[in-house]
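Presented below is the structure to which this report refers.
The values are calculated or read from the model by the stated rules, or taken from the named source; none is laboratory data. Nothing here was measured: the structure is a model prediction, and the numbers come from that model. Positions of Cβ are backbone-derived with ideal geometry, glycine not excepted, and every protein chain shown enters the neighbour counts.
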Amino acid sequence: MNESLVGQVDYQPPSGSGSQNLKEFRSAGRGFWSHIPDADWNDWRWQMKNRITKLDQLLKYLPTLTPEEYSGTLLANTKLAMGITPYFFNLIDPSDENCPIRRQVIPRIEETNTAAWEMSDPCGEDSHSPVEGLVHRYPDRVLFLVTDRCASYCRYCTRSRLVSNATGYDFHPEYDKQIAYIAAHPEIRDVLLSGGDPLLLSDEKLENLLSRLRAIPHVEFLRIGTRIPIFLPQRITPELTAMLRKFHPLFMSVHSNHPRELTTEVRDALGRLADAGIPLGNQSVLLKDVNDTPEVMKAHVQKLLMCRVKPYYIYQCDLISGSAHLRASVRQGLEIMEQLRGHTTGYGVPQYVIDAPGGGGKVPINPDYILKRDGERIIIRNFEGQVFEYPEAPDGSPEVSSPRFDVAVEGR
Ligand SMILES: *Cc1c(COP(=O)(O)O)cnc(C)c1O
Ligand code: SF4
């Protein structure tokens, strides 16, 4: 932070953006940074250098900081660093303590509460890691962690054990070893780059990594998981998209949780990616008082479609230590799915999943549409609650070839 600029702050932030029409596209604006030259503001490296990372900066820009946020920010660097790009900071409604943007990036003291069932590695990634920074959980694909840095830090991050290095995890992926593992395993046809945020690498580094992966004959499909288009749309430069398009088929999964994150800047950045032929999906995390109502989620998925993004997953919030204040219930998740399917464009309906605690992978969670099924017929209900019967075609046993499972989980 350039301290000499802090003294110049005389901007009065607007209030009441919480009453904004959820589907309206707005610019995040310049906020406290109106005196910064456009060339700097639009430069992603300037945005990174000027992130809000300290309590005194927060107090300056957000005088309505609550006691919970104040103490949370003091302690943040022992759990998960605070970091907010000026661009994203401008989306915070300072007059609303429960602003959905604010809850995602400003630490709160509740992060120091840990329930018995919470974990530092809730998806058991470290136990499925043959090489540091590579998670091989599913037969034909791997998660390739390339960095521990993000443009801003999400307070519920499932990888907060390593992301931002606040707990001293000291994540040092060795690309050579990760790539050697992939090259030695011909069953891996899909590589998902994530982190941390892969788009924080320079164009050169990222290009080098993608080229090396593309050179492995059995790697068919590449994808990048990133929140950069949302936190730092300035990073999506024409040079970046020109480089990425050389690696097709390359998909991208972005991470947006609330319709207010979809600004005109974000829409334009996503448009540049889509124009480069990159199919875009979105992953949302179901968060308490952020996006845990059908109204907000429906507006969000519809707005994503307007940005040419297919809603891909809604995640039940993982059992990450200190996230209880951000976790919504599975009941609410099911309610949201009930209100999406049939009620809006099918392309707009994501799959709701729970990443099974301890490392079972993603499990789809759906409202029950099958009321009864046997060898003769299936009884189903639709989104309006009407019941229908479909006669089963005779093909022998009514059993589906699912894996055997043991239901002896009572008393957990
Ligand atoms: C989510 C995830 C993937 C990708 O899963 P898809 O359902 O194919 O999107 C791969 N590996 C790990 C460890 C994951 O958590
Ligand atoms: S962008 Fe992703 S990896 Fe980074 S803090 Fe947010 S959830 Fe975690």
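What about Gly361, is it within 16 Å of ligand 1 (Cβ to nearest atom), of a type in the set (Gly, Ala, Ser) and over 17 Å from Tyr156 (Cβ atoms)?
Yes, satisfied.
Just give me the residues in segment 136-155 being aliphatic (A, V, I, L, M) and within 16 Å of ligand 1 (Cβ to nearest atom), in sequence order.
Val142, Leu143, Leu145, Val146, listed by residue number.
Is it the case, given these coordinates, that Gly168 is within 16 Å of ligand 1 (Cβ to nearest atom) and at positive phi?
Answer is no for this residue.
Strands (runs of 3 or more DSSP E) wholly in segment 315-378 with at least 3 residues that are crowded, with 17+ Cβ neighbours inside 10 Å - which ones?
Where strands (runs of 3 or more DSSP E) fall fully within segment 315-378 and carry at least 3 residues being crowded, with 17+ Cβ neighbours inside 10 Å, they are 351-356.
Could you check Asp121 against (1) surrounded by fewer than 24 Cβ atoms within 10 Å (Cβ to Cβ); (2) in contact with a strand residue (DSSP E or B) (Cβ under 8 Å, 6 or more places away or on another chain) and say which number it fails?
In the conditions (1) surrounded by fewer than 24 Cβ atoms within 10 Å (Cβ to Cβ); (2) in contact with a strand residue (DSSP E or B) (Cβ under 8 Å, 6 or more places away or on another chain), Asp121 misses (2) alone.
Only residues in segment 375-398 that are outside the structural domain of Arg341 (by TED's automatic domain parsing) count as the first member; pair them with residues that are among the polar types (S, T, N, Q), Cβ under 7 angstrom, at least 6 apart or cross-chain, and list the lot.
Within 7 Å, the pairs are Phe388/Asn382.
When the residues of segment 379-404 are filtered to those that are charged (D, E, K, R) and outside any strand (DSSP E or B), which remaining residue is surrounded by the most Cβ atoms within 10 Å (Cβ to Cβ)?
Glu392
Could you pull out the residue among Asn98, Asn90, Asn77 that is more than 19 Å from the chain's Cα centre (by Cα) and under 24 Å from Trp41 (Cα atoms)?
Asn90
Just name the residue that is farthest from ligand 1 (Cβ to nearest atom) out of those in segment 184-208 that are of a type in the set (S, T, N, Q) and more than 20 Å from Gln47 (Cβ to Cβ).
Asn208
Please state which one of Arg137, Arg155, Arg159 is within 29 Å of Lys288 (Cα to Cα) and assigned to a strand (DSSP E or B).
Being within 29 Å of Lys288 (Cα to Cα) and assigned to a strand (DSSP E or B) holds for just one of Arg137, Arg155, Arg159, which is Arg137.
Exactly one condition in (1) within 16 Å of ligand 2 (Cβ to nearest atom); (2) buried (at least 22 other Cβ atoms within 10 Å of the Cβ); (3) part of a strand (DSSP E or B); (4) not charged (D, E, K, R) is false for Val142; which is it?
With (1) within 16 Å of ligand 2 (Cβ to nearest atom); (2) buried (at least 22 other Cβ atoms within 10 Å of the Cβ); (3) part of a strand (DSSP E or B); (4) not charged (D, E, K, R) applied to Val142, the lone miss is (1).
Could you count how many residues in segment 209-251 are within 16 Å of ligand 1 (Cβ to nearest atom) and either more than 19 Å from Asp140 (Cβ to Cβ) or buried (at least 17 other Cβ atoms within 10 Å of the Cβ) (or both)?
Of the residues in that region, 10 qualify.
Would you check which residues across segment 128-146 are hydrophobic (A, V, I, L, M, F, W, C) and touching a residue at least 12 places away in the same chain (Cβ under 8 Å) and list them?
Passing the criteria: Val131, Leu134, Val142, Leu143, Phe144, Leu145, Val146.
For segment 102-121, give me each residue that is in a loop (DSSP other than H, G, I, E, B) and farther than 15 Å from Lys79 by Cα.
Ala115, Ala116, Trp117
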